[in-house]
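The values are calculated or read from the model by the stated rules, or taken from the named source; none is laboratory data. Note that the structure is predicted; figures quoted are calculated from it, not measured. Neighbour counts run over all protein chains shown; Cβ positions are idealised from the backbone, glycine included.
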């Protein structure tokens with residue numbers, strides 16, 4: 001990532017200080033592992049998918065006017081919107097340049113199409129912001145473009161750049177897809193019930209942005225809490241009482257429902273791995289699915305609200 | 001560009017309604033013309049460089065909070081910043097997908113590196129905003145990353161995808177480079193002395209954004225007007241009187257100086273074409289250099305200020 005540009009270098013360094021979980025390159029690496037592959041190509045493609053993810057985060061933070069990201073100030077907060085837009089573009093261009101170092105047109109095609117889907121999906125979602133009648137199906141569509149498609153793409157690319165037979169490659173793509181849905185649902189639950197410190201980014205941001213997620217969609221449909229929640233979210237009851245909101249989501253069974261759906265996706269992800277012979281990579285892919293659930297508990301344990309921790313344990 | 005997405009389609013349609021001058025794809029097409037080439041590849045690469053240019057305009061408009069572009073409302077004004085950031089990303093991804101349809105790693109490398117240079121240059125420029133001590137050299141650096149490098153890249157790519165010998169390809173790249181500098185200087189002059197209607201975008205935007213361009217740099221260095229202009233630009237004389245500013249730029253010889261530099265670049269551009277045998281494509285490339293000067297006069301003739309028109313004719 002070295003640019004030799006004294007104005008650009010500190011921004012990139014700052015961005016890379018908090019490196020996140022590196023889930024996408026990990027998936028790519030693991031998907032390439034079971035069959036013979038060129039480690040340099042795997043490394044570069046892994047860096048590229050992480051840069052693409054990073055670029056989309058930097059651009060999302062402009063979009064959402066988020067002040068923190070991964071536990072530190074966001075680029076647009078530390079610098080400004082201009083710098084964020086340009087840094088995101090620079091990261092995209094760098095990713096494509098890196099992918100192109102290993103001419104593999106199928107991979108470039110897959111990754112550019114994935115970014116197209118991500119952008120189109122996000123643009124579509126803008127028209128659904130603050131719409132309390134958004135359906136569960138529309139929620140899954142959004143989760144696909146936001147997270148699942150890049151998870152699936154990372155696995156697919158990893159498989160492709162190894163000599164894995166197509167049958168197995170499709171299964172790994174499926175694994176990434178289901179894992180992505182599960183991950184996004186848990187991320188959305190945490191945004192509603194965890195606190196900002198545990199998340200490393202502002203909690204409650206989704207509602208502020210009008211992003212209506214699975215627990216809300218479920219709770220809005222319950223007889224007991226639906227109409228009250230609708231009034232609260234429409235601002236008819238004054239400022240949002242986050243304590244009251246959490247209680248509604250817990251008491252209506254909405255958190256439990258979303259958690260069960262997430263678990264179903266994780267089980268589908270695990271099922272996609274069943275045909276594979278045991279190997280360290282496949283074992284780690286299974287562990288990642290389990291880790292996502294553990295991570296969920298770990299973050300909630302930071303929460304100070306006793307009732308909540310009790311309910312989710 | 002068809003996406004089949006009912007939320008995305010109208011944005012792209014709107015964006016393509018005002019198609020601009022299509023200078024970059026024209027340069028690419030002309031650079032490919034003298035030697036045998038695949039017309040489909042030329043078409044796709046031409047579309048790609050225009051999409052990249054369009055993406056950078058859409059992102060610039062977020063950055064500059066510009067309200068109009070090419071004579072109509074900008075995307076961020078008609079829609080919002082979120083839509084603009086995502087639409088720009090979608091245009092970039094679509095361009096790369098299109099380039100990748102004709103696997104030609106050299107071209108992908110050239111174009112991604114050009115975008116990296118453009119972004120890095122713009123980030124560097126942000127640190128120079130409102131700096132009245134910016135040097136002429138820094139101004140040329142900025143013009144390179146803003147305009148000249150994509151002009152040069154368009155010519156280079158056009159030459160590469162034909163069977164043009166390297167010696168000629170370098171000359172066309174040089175032509176694009178010098179043309180780009182000339183074009184940017186004229187664009188910067190017009191921003192200072194033409195009116196918004198003639199430009200199809202808000203005039204005077206550069207100074208608002210702290211973008212100190214060649215005429216200003218020159219006038220600031222003159223004995224007669226330098227210190228007055230510095231006071232005006234530092235806001236020490238109250239609100240900016242654009243009439244007074246224009247007079248200073250004219251009377252100090254700053255407009256004339258910038259025009260002469262632009263003309264020198266155009267002459268260098270024309271000189272790069274001298275070695276080529278006469279052909280319709282080379283003739284048109286010469287005409288484009290002349291057209292840039294004509295365009296300049298045409299836009300100024302819309303201006304209501306009699307003195308100004310007199311001076312530049």
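Computed values, structure above
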{"item": "Conditions (1) within 18 Å of residue B:85 (Cα to Cα); (2) within 12 Å of another protein chain (Cβ to nearest Cβ); (3) at pLDDT 90 or above: number failed by residue A:111", "result": "(1)"}
{"item": "Any hit, the stretch A:146-156, residues being within 21 Å of residue B:4 (Cβ to Cβ), modelled with pLDDT under 95 and within 14 Å of another protein chain (Cβ to nearest Cβ)", "result": "yes"}
{"item": "Residues of the stretch A:144-165 that turn out to be under 20 Å from residue A:23 (Cα atoms) and touching a residue at least 60 places away in the same chain (Cβ under 8 Å), as a count", "result": "11"}
{"item": "Lone unmet requirement of (1) in a helix (DSSP H, G or I); (2) at pLDDT 90 or above for residue B:102", "result": "(1)"}
{"item": "Residue list for the stretch A:187-224, restricted to those being at pLDDT 95 or above and over 24 Å from residue A:263 (Cα atoms)", "result": "A:223, A:224"}
{"item": "Residues of the stretch B:114-138 classified as away from chain A (no Cβ under 13 Å) and crowded, with 19+ Cβ neighbours inside 10 Å, total", "result": "1"}
{"item": "Positions within the stretch B:101-111 being free of Cβ contacts under 8 Å to residues at least 40 places away in the same chain and surrounded by fewer than 24 Cβ atoms within 10 Å (Cβ to Cβ), in sequence order", "result": "B:103, B:105, B:109"}
{"item": "Scan of the stretch B:265-284 for residues that are free of Cβ contacts under 8 Å to residues at least 12 places away in the same chain and part of a helix (DSSP H, G or I), ordered by number", "result": "B:267, B:271, B:283"}
{"item": "Check on residue B:141, free of Cβ contacts under 8 Å to residues at least 24 places away in the same chain, over 17 Å from the mean Cα position of the chain (by Cα) and surrounded by fewer than 23 Cβ atoms within 10 Å (Cβ to Cβ)", "result": "no"}
{"item": "Residue count, the stretch A:213-240 (criterion: exposed (fewer than 14 other Cβ atoms within 10 Å of the Cβ), under 29 Å from residue A:181 (Cβ atoms) and touching a helix residue (DSSP H, G or I) at 6+ places or on another chain (Cβ under 6 Å))", "result": "0"}
{"item": "Any hit, the stretch A:60-71, residues being in contact with a strand residue (DSSP E or B) (Cβ under 8 Å, 6 or more places away or on another chain) and modelled with pLDDT under 95", "result": "yes"}
{"item": "Residue in the stretch B:74-83 that is facing chain A (nearest Cβ under 9 Å) and at pLDDT 85 or above present", "result": "yes"}
{"item": "Residue, surrounded by the fewest Cβ atoms within 10 Å (Cβ to Cβ), within the stretch A:26-50, restricted to residues that are closer than 24 Å to residue A:85 by Cβ and under 14 Å from the mean Cα position of the chain (by Cα)", "result": "A:50"}
{"item": "Residue that is part of a helix (DSSP H, G or I), over 26 Å from residue B:90 (Cα atoms) and in contact with a helix residue (DSSP H, G or I) (Cβ under 9 Å, 6 or more places away or on another chain), where the choices are A:30, A:54, A:16", "result": "A:30"}
{"item": "Pick from the stretch B:85-100, criterion more than 7 Å from chain A (Cβ to nearest Cβ) and over 17 Å from residue B:14 (Cα atoms), ranking: surrounded by the most Cβ atoms within 10 Å (Cβ to Cβ)", "result": "B:99"}
